[in-house]
Structures are given as C-alpha cells and as structure tokens.
Amino acid sequence: MRQRRVVITGLGLITSLATGVEENWSKMLAGECGIRPIQKFSPAINKTKIAAEVLDFNPEDWMPKKSVKRLDTFIHYALGAARQAWEMAGLPERLQEDSSYRAGCIMGVGMGGLDTIVENTLLLDKSGPGKIGPFFVPKLIANMAPGEIAMTYGLRGPNMALSTACAAGSHAIGEAFRYIRSGMTDLMVCGGAEAVINPLTLAGFNAARALSLNNEHPEKASRPFDKERDGFVMGEGSGVVILEDLDSALARGVKILAEVRGYGISCDAYHMTAPDPEGRGTIACMRMALASAGVRPEEVSYINAHGTSTGLNDMLETMAIKRVFAGHAYKLAVSSTKSMIGHMLGAAGGAEGVVTVLSLRDQILHPTVNYEHPDPDCDLDYVPNCKRPVQMDLALSNSFGFGGTNASLLFGVYK
C-alpha cells in the first residue's frame with residue numbers, strides 16, 4: 001500500500017513564556033526565559049523553589065466556564081493549545097459525521113491530574129470520603145485530555161493518551177503520523193499536555209537529585225550542555241499540532257506549515273531513570289527516524305535536542321548524535337528549547353515539535369540560552385545565546401524519558 005504524505009496545518013502552544021504560538025516564538029527568538037520563583041504556592045518546604053509556571057493562561061478564554069471546574073489544569077492546557085491549532089488549520093467548528101470517523105486525537109501526558117490527586121488526598125485526610133466530588137476520577141485520568149478534545153471537535157476516530165514519561169508528546173505525534181501515513185485516518189490532533197508543578201512533585205524530583213537548585217538566579221538555572229548545569233527545571237503547558245493527509249490538506253486549500261517525514265521509537269532496556277551509557281537506544285531511535293524517511297544523515301541541518309540540563313542526558317545525547325551523524329555532527333546546529341521554558345515533562349515533545357516546525361517555517365533557530373561554560377563532553381554547535389538564520393530542509397526533534405523510552409521525529413520543509 002502506498003504510504004501517504006503527512007503534513008502539518010495547525011499549531012498550538014502554551015508555555016511559561018506565553019499563551020499562543022507567535023507570542024512564544026518571538027520570545028524564544030529573543031532568548032527570553034520563562035523560569036522564575038514559584039508563585040502558585042509557597043515552595044518554602046522544598047529545596048527547589050523555581051519553575052517554569054504558566055501564569056498568563058485564563059481557561060475561561062478557551063472553553064465554556066462550566067467546564068473549567070470539572071477539568072484538571074493539564075486538560076485546560078490541552079484544550080487551549082488544541083483550539084489554537086484547530087483555528088490555525090482553518091477547520092470547521094465541528095466535523096461532520098461522515099468525516100468524523102477519519103479523524104482522531106492522541107495526546108502525551110506524563111502524570112495526568114496529579115494536582116487533583118494531591119488536593120483530594122489532603123481533603124480526604126481532613127474531611128473524610130464524603131467530601132470527594134464526582135469529578136475527582138475524570139479530572140485525574142490522562143485520557144480525558146484527548147477525550148475532551150474529541151468531544152469538542154467531533155473526532156470519532158482513534159482516541160488515546162500515551163504516558164511514556166518525557167517522550168510522551170513526541171510519541172503522540174509519531175503515532176498519529178503513522179495512522180495517517182498508513183491510511184487509517186486523514187486528520188489527527190496530537191501533542192502533549194502537563195501541569196504537575198506542586199510540592200509533592202518537587203519533593204520527588206529533589207529526592208532523585210534531578211532538579212536545579214539555582215534558586216537565586218532562576219533565569220540562569222536551565223543551562224543545557226553548559227559545564228555548570230546542575231539539573232533540570234520543571235515546566236508546564238501544552239504543545240499541539242494538526243496532522244493531515246496531504247491530499248486532504250490540498251483539497252481544503254489550507255496553508256501547509258511543514259511535513260512529518262520520519263519517526264523513530266526505541267527503548268534503552270537499561271535502567272529506571274538513567275540513560276544507557278552507550279547510547280544504544282538513542283542511536284537506534286534517531287537512525288530509525290532517518291531510515292523511515294529514506295534520508296541520509298548529512299541531509300539533516302538542525303536538531304531540537306532533548307537537552308534537559310542534566311549531566312548524563314546532555315553528555316549522552318551529544319555522544320549519540322556524533323555516533324549517528326559522524327563527521328556531519330559538527331556541521332549540525334543543536335539547540336534546547338528547555339533552556340527557556342524548562343522541562344514540560346509529558347508535554348515537552350509536543351511543545352518542541354511545534355518549535356521545530358516554526359524553525360523550518362521561518363528558517364531561523366532559537367538559541368540555547370545560558371550556554372557560557374563549554375563542556376569538553378558536549379562539544380557540538382548548540383546555537384549559544386543568540387538566534388541564527390539558516391537554510392535548511394530537514395530538522396530532527398528528540399525526546400527521551402524515564403524507563404528508557406525514546407522518540408525522534410523528523411520534520412521537513414513542504415515541497
């Protein structure tokens with residue numbers, strides 16, 4: 001069966017920098033940082049007191065008021081980003097039934113409604129089970145993000161949440177790409193959403209020694225590939241893309257932003273949290289993405305790195321890139337969006353997918369901010385501190401997660 005071409009026609013983005021695609025993009029190109037002291041609660045009991053919180057998002061601007069209280073914040077973000085993407089793609093308010101079974105939604109969610117769990121656990125302890133409301137379970141389960149999106153737009157095809165830790169958003173885009181490419185669907189809403197910045201999550205990541213402790217200078221705390229990096233910074237928000245079969249998009253006359261060319265997926269099968277020291281899963285994943293597109297390594301110009309600002313990840317991702325791309329690795333540009341918006345966990349791949357598409361659309365790269373102290377183990381071109389115009393046709397986006405799960409997406413300029 002002929003493999004169909006899959007194109008991107010809509011984007012949605014909510015991060016600590018802004019609500020909206022173009023608002024985020026202009027700030028990223030300027031190298032602005034959305035990491036600041038935590039404002040949504042008092043972090044006094046936690047070692048880490050900084051995060052990349054979403055502060056300018058009003059859910060009532062994006063969904064009916066009656067929906068706000070019955071939905072967790074991660075679902076708010078998913079609906080907000082999905083609406084942005086849906087409107088950009090010029091789709092009808094709701095699909096007709098004859099086309100609705102050819103359209104679906106896959107969302108990556110790392111932890112689901114953890115805020116709801118924390119809130120209701122405290123309520124149960126204080127007031128007993130009679131105070132737990134009927135929306136408790138629907139608010140916390142991960143698949144309510146794609147479920148609510150499907151109900152909003154009439155998507156009756158495949159609908160699921162993928163919970164693959166920090167690779168979830170990229171896996172969602174990749175699996176949606178496979179559905180359209182194989183002919184199962186014509187349109188997919190996909191990406192990631194996350195909202196778990198709370199004292200419990202901070203305590204857990206602090207116990208794992210994963211978070212930055214640079215509380216005095218939050219804007220400098222996330223410093224991927226820099227020798228003085230000391231851990232990642234938690235972020236939140238959502239990144240959503242609309243994928244369509246090329247023929248369907250052309251028939252609608254919609255503007256095509258980019259094309260999904262390839263997808264790689266693998267597992268390290270090595271350790272609960274640490275990456276494989278030989279980078280075998282990461283290497284296999286990137287090679288699979290290139291092979292699925294029939295692309296040679298030297299054809300790729302840019303990598304939007306997983307780039308978490310942790311010692312092991314940055315070093316091993318650099319090593320894996322050099323193994324896959326050989327001498328061409330030193331001709332690649334590599335940058336980390338997390339340097340400005342922190343690590344959005346299950347939403348990271350969705351947001352970084354959006355950013356990679358924008359880079360191709362505008363032929364410009366955002367910087368890796370806070371890159372000041374070169375690390376001999378991280379010796380590639382990380383686009384330090386300043387945006388850069390480029391000429392490129394292909395860009396790769398990497399996402400890796402706890403449990404050794406890996407995803408690589410290959411995006412291309414539509415021609």
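The values are calculated or read from the model by the stated rules, or taken from the named source; none is laboratory data. These figures come from a predicted structure and were not determined experimentally. Ideal geometry is used to build each Cβ from the backbone, glycine not excepted, and the neighbour counts take in all protein chains shown. Note: accessible area is taken over every heavy atom of the protein model, side chains too, but ligands, DNA and RNA are not part of it. Shrake-Rupley method; radii C 1.70, N 1.55, O 1.52, S 1.80 Å.
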Handout entry: Antiparallel content of DSSP bridges confined to the chain, in %, to 5
Key = 65 percent
Exercise for the section: Of the listed values (1) 38, 30, 17; (2) 42, 27, 24; (3) 29, 28, 18, grab the one calculated as semi-axes √(5λ) of the Cα gyration tensor in Å from the structure here. Expected result: (3)
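Where does each of 316-323, 97-104 land if you order them by average Cβ count within 10 Å, highest first?
316-323, 97-104
Over 20 Å, how big is the tail of the calculated P(r) for region 1-103, in percent of all Cα pairs?
56 percent
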Exercise for the section: Using the Karplus curve 6.51 cos²θ - 1.76 cosθ + 1.60 with θ = phi - 60°, work out ³J(HN,Hα) for each residue of region 20-36 in order, rounded to whole Hz, and write x for Gly and Pro. Expected result: x, 5, 5, 5, 4, 5, 5, 6, 5, 5, 7, x, 6, 10, x, 9, 8
Problem - Under the Karplus curve 6.51 cos²θ - 1.76 cosθ + 1.60, θ = phi - 60°, whole-Hz ³J(HN,Hα) for region 231-241, x wherever Gly or Pro sits - result: x, 8, 10, 5, x, 8, x, 7, x, 10, 10
Exercise for the section: Under a cut-off of 17 Å between alpha-carbon atoms, report the lysines in cross-link reach of K331, not counting same-chain residues fewer than 8 places apart. Expected result: K322, K387
Problem - Amide H contacts of A51 (H built 1.01 Å from N, under 5 Å, at least 5 apart or other chain) - result: R36, I38
Completion exercise
Taking a crude spin-label model, label points 7 Å out from Cα along the C-beta direction, the L123 to Y270 distance in nm is 4.3 nm
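When DSSP assigns beta bridges and you keep just the ones with both residues in region 299-396, what percent turn out antiparallel, to the nearest 5? The partial results should precede the final answer.
Working: 3 of 10 bridges.
In region 299-396, DSSP labels about 30 percent of beta bridges as antiparallel.
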Fill in the blank from the handout: Taking 296-303, 278-285 and ranking on average Cβ neighbours within 10 Å, highest first, one gets 278-285, 296-303
Exercise for the section: Work out from phi, with θ = phi - 60° and the Karplus expression 6.51 cos²θ - 1.76 cosθ + 1.60, the ³J(HN,Hα) of each residue of region 145-154, listed in order in whole Hz, and give x for Gly and Pro. Expected result: 5, x, x, 5, 4, 4, 5, 5, 10, x
Exercise for the section: Calculate what fraction, in whole %, of the accessible area of region 197-267 sits on carbon and sulfur atoms when a 1.4 Å probe is rolled over the protein chains. Expected result: 53 percent
Completion exercise
Two pseudo-spin positions, 7 Å from Cα along C-beta at K415 and at F136, lie apart in nanometres by 5.8 nm
Completion exercise
Semi-axes a, b, c in Å (a largest) for region 189-253, each sqrt of 5 times a Cα gyration tensor eigenvalue, come to 37, 16, 9
Fill in the blank from the handout: To the nearest 0.05, the calculated FRET efficiency linking L312 and D98 through their beta-carbon distance, R0 being 56 Å, is 0.65
Fill in the blank from the handout: If each K or R counts +1 and each D or E counts -1, the residues other than M319 whose Cβ falls under 15 Å of its Cβ total -4
